[in-house]
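Taken together, the values in this text are just the output of simple stated rules run on the coordinates, not laboratory data. Computed from a predicted model, the values in this text were never measured in an experiment. Backbone-built Cβ (ideal geometry, glycine too); neighbour counts: all protein chains shown.
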Amino acid sequence: MASDVHPLSSIASVALARPHDVKCAHYTYAIADTDNHRVAYATGANDLRTADFKILDPQVPFTAPCGTFVDANSIWVADTFNHRLVEFDHNGI
């Protein structure tokens, strides 16, 4: 690994497990942490490594989310094995 690379290997003290996707737009990050069946997000952050991540909490839990998309109003999650797209606002609601 290059000496100038600083990896992000855990969020909320849980190691990332096969993260498939990370998106950033409008100072909002979203990471699909696929094998942990969760999506982490952070708003108002300039640096992915120091962002204060929270976990999106849908009514029906994620099952292997593999993709995220962030626009000005929403965070979208491709919830692979639940065969659905889930939309949250930038507050995680």
Checklist outcome for this item: Reviewing (i) -0.35, -0.57, -1.05; (ii) -0.34, -0.54, -0.94; (iii) -0.28, -0.45, -0.82, the figure for log10 I(q)/I(0) by the Debye sum over Cα atoms at q = 0.11, 0.14, 0.19 Å⁻¹ actually calculated from this model sits under (iii)
Item to check | Stretch gain in nm, segment Ala12-Ala25, where the contour uses 0.36 nm per residue and the Cα spacing is subtracted | outcome: 2.5 nm
Checklist outcome for this item: Once amide hydrogens are built 1.01 Å from N within the peptide plane, the residues lying 5 or more places from Ile11 or on another chain with amide H under 5 Å from its amide H are Leu16
Checklist outcome for this item: Once phi for every residue in the range 69-80 is put through the Karplus expression 6.51 cos²θ - 1.76 cosθ + 1.60 (θ = phi - 60°), the whole-Hz ³J(HN,Hα) values, with Gly and Pro written as x, are 8, 10, 10, 4, 10, 9, 10, 9, 10, 8, 8, 3
Checklist entry - Just going by the charge dipole of the chain, with Lys and Arg at +1 and Asp and Glu at -1 on Cβ, which of Ala15, Leu48, Tyr27 is farthest out on the positive end? => result Ala15
Next on the checklist: Report, to one decimal in Å, the Kirkwood hydrodynamic radius for the range 6-48 based on all distinct Cα pairs.
Outcome noted: 10.7 Å
Checklist outcome for this item: Calc'd 3J(HN,Hα), the range 17-25, phi into Karplus 6.51 cos²θ - 1.76 cosθ + 1.60 (θ = phi - 60°), Hz, glycine/Pro = x, comes to 10, 6, x, 9, 8, 9, 10, 9, 7
Checklist entry - Each residue of the range 34-50 in order: what ³J(HN,Hα) in whole Hz does its phi give by Karplus 6.51 cos²θ - 1.76 cosθ + 1.60, θ = phi - 60°, with x for Gly and Pro? => result 4, 6, 8, 6, 8, 10, 9, 9, 9, 10, x, 9, 9, 9, 4, 6, 10
